[in-house]
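In what follows, a structure is listed as structure tokens, so that the remarks can point back to it.
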Amino acid sequence: MPESSSSKDNAKQAGRAAPGYVYDPVFLEHKTGAHPESERRLEAIISDLDWKGIRQQLKRIPARPATLEELTTVHKAEYIARIEEYAKAGGGWWDADTMISPGTYKAALYAAGGSIAAVDAVLNNVVPCAYALVRPPGHHATNSNAMGFCIFNNIAVAANYALKQFNLARILIIDFDVHHGNGTQEAFTNNPYVLYISTHQYPLFPGTGHLAEVDRDPGKGVSPHGTAINIPMPAGCRDAEYKRVFEEIIIPASRRFKPELLLVSSGYDVHWADEMSNMRLSMDGIYYITRVLKQLADELCGGKCVYCLEGGYNYEVLKCAVNYTFNLWLGEKYNDDPLGPPPHDIAPSGVEELIAEVKKRAGIY
């Protein structure tokens, strides 16, 4: 595909350093066969970035395996050992959703470590922002169990690394995957240094993410249930509903928290063409979210932002969404939505009441 101008030249002219990315073929060693979360997801993304000449404009951040000490900031050592042993024995179905192969343990170590490497590069000013293109994904992984295609909680491990190694006081995690990141919420329950904000379809797997799970004290901003804002959205939400949620809840909550680092669990199963959910977001809507997250990072934490890939199982959506993210970081113009609006557009009910209730519980006025 010919480009009208060189993004690399544009970035240089604007005085910007190249964004970073983490990718390693080791992530393909997590073999899952015909499973929706397969190595073909990353292959599609990387192939598209290469074909469009985007990857050569980025700075590669080498992945590395997470250490046991780093993993045990989130996961029990006994659980980590069980995953290693299960993979060495040949793997199989861990549960009804989650597949483990002989290469899974190594891939999962590098997925968590690669996410740490991305955070390290951003906080050491090697790159202004970075995308950890890793798998297996992580936001469902709890301290003692794999679930929902996830083995180790990559973004939670990376956040704990940033807290410890860089002595940060406030990290914001925004999760726009269509499924609630129950493992991430669990990891930071009662942790005042991390604010977790999740938009997700509810009810839907894993069945968590209800408002009552994270009631907050408006006076203090933190309750005994932890530092989180759940936004359980009804099926059928479109670009307009997501825009309202960001403008009325996520943007003001982020500004109030004043993070020093923004971490993003990016899940593209919110798109209407993804069969994992019943949301009706278009590529225009995904670009809106990406643009708002960049603006928040620029405004609140000097642009320091790290994305970790979570869900998204339609290859065209995955390619476009990651492409858009890097193009935005490189200063390129937005391209038209190649997939268009959802073919069936039905206005969801209860969004007005949901927004009002979330704002009340989160103390946003």
Between the range 297-365 and the range 233-258, the Cα center-to-center distance that results, in Å: 10 Å
Between the range 192-207 and the range 14-68, what is the separation of their alpha carbon centroids in Å? 25 Å
Between Glu29, Glu299, Glu260, which gets the highest mean-square fluctuation from a Gaussian network model of the chain, Cα cutoff 10 Å? Glu299
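Kindly provide the chymotrypsin sites (Phe, Trp or Tyr not before Pro) of the range 278-361 that DSSP labels as loop, not H, G, I, E or B, and whose Cβ sees at most 14 other Cβ atoms within 10 Å. Could the numbers behind the result be given before it?
On the way: sites: Tyr287, Tyr288, Tyr307, Tyr313, Tyr315, Tyr324, Phe326, Trp329, Tyr334; in loops: Tyr313, Tyr334.
Answer by residue number: Tyr334.
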Report the local net charge at Glu260: Lys and Arg +1, Asp and Glu -1, summed over other residues whose C-beta lies under 11 Å from its C-beta. +3
Go ahead and set up a Gaussian network model of the chain, Cα springs under 10 Å, then flag whichever of Ile355, Ile231, Ile171 fluctuates most. Ile355
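Once the Cβ-Cβ distance between Ser144 and Lys333 is put in as r, and R0 is 41 Å, what FRET efficiency do you end up with, to the nearest 0.05? Can you show the working numbers first?
Details: r = 46 Å, r/R0 = 1.13.
Given R0 = 41 Å and the Cβ-Cβ separation, E is 0.30.
Could you tally up the Lys pairs in the range 13-115 with alpha carbons closer than 26 Å? Skip any pair fewer than 8 positions apart unless they're on separate chains.
On the way: Lys31/Lys76; Lys31/Lys88; Lys31/Lys106; Lys59/Lys106; Lys76/Lys88; Lys76/Lys106; Lys88/Lys106.
Pairs that pass both the separation and distance tests number 7.
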Rounded to whole Å and sorted largest first, what semi-axes of the equivalent ellipsoid does the C-alpha gyration tensor of the range 215-365 yield via the square root of 5 times each eigenvalue? 26, 21, 13
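Where does the longest stretch of the chain lie that holds no trypsin sites (Lys or Arg not before Pro) found in a DSSP loop with 11 or fewer other Cβ atoms within 10 Å? Working shown, then result.
Working: sites that count: Lys220, Lys333.
The longest such stretch corresponds to 1-219.
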Per residue Cα convex hull volume in Å³ - calculated over the range 100-171: 92 Å³
What is the log10 of I(q)/I(0) for the chain, computed with the Debye formula using one identical point scatterer on each Cα and no solvent, at q = 0.08, 0.10, 0.14 Å⁻¹? -0.35, -0.56, -1.18
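First select every other residue whose beta carbon is under 14 angstrom from the beta carbon of Arg291; then total the charges, Lys and Arg +1, Asp and Glu -1. Don't jump to the answer; show the numbers that get you there.
Numbers: positive: Lys243, Lys294, Lys333; negative: Asp239, Glu247, Asp284, Asp298, Glu299, Glu332, Asp337.
Neighbour charge sum, excluding Arg291 itself: -4.
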Of the DSSP H helices in the chain, those whose Cα atoms cover at least 27 Å axially and whose Kyte score averages 1.0 or more: 104-123
Dividing the mean separation of Cα pairs under 8 Å (6+ apart) by the residue count of the chain yields a relative contact order in percent of 18 percent
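Coordinate-derived values only; no laboratory data. These numbers come from a predicted model, not from an experiment. Note that we place each Cβ from the backbone using ideal geometry, even for glycine, and neighbour counts take in every protein chain shown.
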